[in-house]
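Beneath this line is the structure, given in structure tokens, with notes to follow.
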Amino acid sequence: MALDWYPWYVLDFRRDTLRLSLAQEGAYRRLIDEYMLTRGPLPDDDVSLARILGTGLPDWLNVAQAVRPYFKSKGGQLFHGLVQQYLDSFSAA
């Protein structure tokens, strides 16, 4: 089941993304939203990530270098530490 909502820490997000362009920040936010909606890590595949973002592969590749460091690649999936921590605590409750 997907989450209808989740807490959003605006100050933390802004602090962590100040160096990103508007396009990079938007892609990062959409990927976090997808992670939360599906309650799990993202595919570590550029075509799939472009599809999640609703854009073409060239547009994703233009922002990927700045966005990917926010995620850790493991076993063909991209994990986000804070998002995963929230989901784990939500599941435990």
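The table for this structure:
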item	result
In segment 18-47, residue nearest to Ala64 (Cα to Cα) [restricted to those that are among the hydroxyl-bearing types (Ser, Thr, Tyr) and surrounded by fewer than 17 Cβ atoms within 10 Å (Cβ to Cβ)]	Ser21
Scan of segment 56-93 for residues that are over 11 Å from Gln24 (Cβ atoms) and basic (Lys, Arg), ordered by number	Lys72, Lys74
Every pair of residues 6+ apart whose Cβ atoms lie under 9 Å, when the first sits in segment 22-43 and is at pLDDT 95 or above while the second is in a loop (DSSP other than H, G, I, E, B) and among the polar types (S, T, N, Q)	Ala27/Thr55
Residue among Val83, Val67 that alone is buried (at least 17 other Cβ atoms within 10 Å of the Cβ) and either in contact with a Lys or Arg (Cβ under 6 Å, 6 or more places away or on another chain) or at pLDDT 95 or above (or both)	Val67
Of the criteria (1) in contact (Cβ under 8 Å) with a residue 12 or more places away in the chain; (2) at negative phi, which one Gly56 fails	(1)
So Tyr86, is it in a helix (DSSP H, G or I) and touching a residue at least 60 places away in the same chain (Cβ under 8 Å)	yes
Unmet requirement for Ser48, which otherwise passes all of (1) within 24 Å of Ser91 (Cα to Cα); (2) assigned to a helix (DSSP H, G or I); (3) in contact with a Leu (Cβ under 8 Å, 6 or more places away or on another chain)	(1)
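The values are calculated or read from the model by the stated rules, or taken from the named source; none is laboratory data. Computed from a predicted model, the values in this text were never measured in an experiment. In this analysis, Cβ positions are derived from the backbone assuming ideal geometry, glycine residues included, and neighbour counts consider all displayed protein chains.
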